[in-house]
Amino acid sequence: MADAIVLRELGERLMASRLDRNLTQAALAEQSGVSKRTVERLESGEVATQLSSFVRVCRVLGMLERFDTLIPEPVPSPITQLKLQGRQRRRASGQRAGKIDPKKWTWGESS
């Protein structure tokens with residue numbers, strides 16, 4: 001799905017939630033501490049809004065609890081939990097290159 005389609009869908013859902021609560025864009029903006037134009041941008045799916053504004057609007061609409069569904073808290077695997085032994089992971093290891101099989105050298109071959 002293209003970014004523009006996702007943003008438009010999010011905007012439509014925000015608008016539907018606002019209308020379900022019988023709030024005007026101005027009232028939502030005032031309660032959220034953002035401008036009315038920001039609410040308009042969010043609802044239209046325009047990209048020029050900040051994530052903090054999105055969070056503020058979602059808070060007023062009572063939607064912050066749903067963020068766990070969007071981005072669930074990561075749960076380490078049992079093996080990782082054993083390796084960490086109660087410590088919290090602080091760094092990513094990155095992608096490891098696969099093992100390179102060195103070509104076996106045999107007598108009589110020139111390098």
Practice problem: Give the calculated FRET efficiency between L10 and V75 to the nearest 0.05, with a Förster radius of 30 Å applied to their Cβ-Cβ distance. | Solution: 0.70
Self-check item: Rounded to whole Hz, the Karplus (6.51, -1.76, 1.60) HN-Hα couplings of region 16-21, x for glycine and proline
Solution: 4, 5, 4, 5, 4, 8
Quiz item: What ranking, highest mean first, results for peptides 19-26, 62-69 when packing means the other Cβ atoms within 10 Å averaged over each residue?
Solution: 19-26, 62-69
Exercise. For region 3-70, give the magnitude of the charge dipole about the Cα centre (Cβ charges: +1 Lys/Arg, -1 Asp/Glu; no others), in debye to the nearest 20.
Key: 200
Practice problem: Set the Förster radius R0 to 30 Å, insert the Cβ-Cβ distance between N22 and Q50 as r into 1/(1 + (r/R0)^6), and round the FRET efficiency to 0.05. | Solution: 0.70
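Each value in this text was obtained by applying a stated rule to the coordinates, not by laboratory testing. What you are looking at is a predicted structure, and each value in this text was computed from that prediction instead of being measured. All Cβ positions, glycine included, derive from the backbone under ideal geometry; neighbour counts span all protein chains shown.
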